[in-house]
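Reading through the structure tokens given below for one structure.
The values are calculated or read from the model by the stated rules, or taken from the named source; none is laboratory data. The shown structure was predicted, so the numbers you read here are calculated from the model rather than taken from an experiment. Cβ sites come from the backbone with ideal geometry, for glycine too, and all protein chains shown count toward neighbours.
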């Protein structure tokens, strides 16, 4: 019986290589760096706005007046304006974006899908100030004379659709935001739907399902967590958009009730007022900037919880 010679000198894998260890430490460091930057931004906002918090307390969050003459500052009009415009954008952009993503990933052939995808992605590259100018000269007058007039004449008895409409309003800002977040929803939604395994589609086809049934009952439920994530990313952009909203929202320091009312978002208020503000007003503007940061963080936490719950499925 012969014995094989013992092999020696082979490298062991008991400990990671130095390069691997350096890579792990580096990526971990950059991850903590991002968290540190976020914490530093929050700390700076709180410190710079602390005199406003000392003066008004929670009244800064719940107050409904913004009066620099009497030095009374409340964030409610701008919080409502931010949520109002973002909600309009989400209601308009979500069905259009999701259906477009389904069309591009499941129904359109390459000759149609490629140029259409390029056009949608090109829409995301348009500067917000250009969209704002288009909103001023085209969208606002068009809405005032057509859609706004029709809704006021038919549904004006509801406070939400009470007139008059001057074109520059919450609804115009919401439509501009819907146009701006549409490429995000479509692009991410399309990639999520394309990543669904073909086995899902083939199983439905094997059961005799139509193309539409495969898309809506097999592909879309499988990718729903990713689609929800795409919508939430679009909403995150809508909350913080500044220039285009500032140009079409009307910039009025009142809490909007009607969609045709003029108002302000937090971002537009800071952009319009900050350079001319001093003292307590400047500190109050920084405070509402901190409120916007908290709103964005809470939105992302809620979105993560929703996506995780959706990914687990009902009843789990």
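Descriptive notes on the structure:
- Of all positions in region 296-306, none carries a residue that is buried (at least 16 other Cβ atoms within 10 Å of the Cβ) and out of contact with any helix residue (DSSP H, G or I) (no Cβ under 6 Å at 6 or more places or on another chain).
Yes/no per residue for (1) farther than 19 Å from residue 108 by Cβ; (2) touching a helix residue (DSSP H, G or I) at 6+ places or on another chain (Cβ under 7 Å):
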site	(1), (2)
183	no, yes
192	no, yes
197	yes, no
218	no, yes
222	yes, yes
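- Condition check for residue 76: under 19 Å from residue 271 (Cα atoms), surrounded by 12 or more Cβ atoms within 10 Å (Cβ to Cβ) and without any contact (Cβ under 8 Å) to a residue 12 or more places away in the chain: no
- If only residues of region 152-165 that are in contact (Cβ under 8 Å) with a residue 60 or more places away in the chain and part of a helix (DSSP H, G or I) are counted, the one that is surrounded by the most Cβ atoms within 10 Å (Cβ to Cβ) is 161.
- Spans of helices (runs of 4 or more DSSP H) in region 69-142 with at least 3 residues touching a helix residue (DSSP H, G or I) at 6+ places or on another chain (Cβ under 9 Å), at pLDDT below 90 and under 12 Å from residue 186 (Cβ atoms): 110-124
- Criterion: closer than 26 Å to residue 98 by Cα and surrounded by 17 or more Cβ atoms within 10 Å (Cβ to Cβ) - qualifying residue of 232, 270, 266: 232
- Number of positions in region 262-281 that are out of contact with any helix residue (DSSP H, G or I) (no Cβ under 7 Å at 6 or more places or on another chain) and on the phi < 0 side of the Ramachandran plot: 5
- Qualifying residue in region 49-58 (condition: exposed (fewer than 11 other Cβ atoms within 10 Å of the Cβ), at pLDDT 85 or above and either assigned to a helix (DSSP H, G or I) or touching a strand residue (DSSP E or B) at 6+ places or on another chain (Cβ under 9 Å) (or both)): yes
- Filter pass, residue 250 being buried (at least 21 other Cβ atoms within 10 Å of the Cβ) and out of contact with any helix residue (DSSP H, G or I) (no Cβ under 7 Å at 6 or more places or on another chain): yes
- The lone exception for residue 168 - which of (1) out of contact with any strand residue (DSSP E or B) (no Cβ under 7 Å at 6 or more places or on another chain); (2) in a loop (DSSP other than H, G, I, E, B) it fails: (1)
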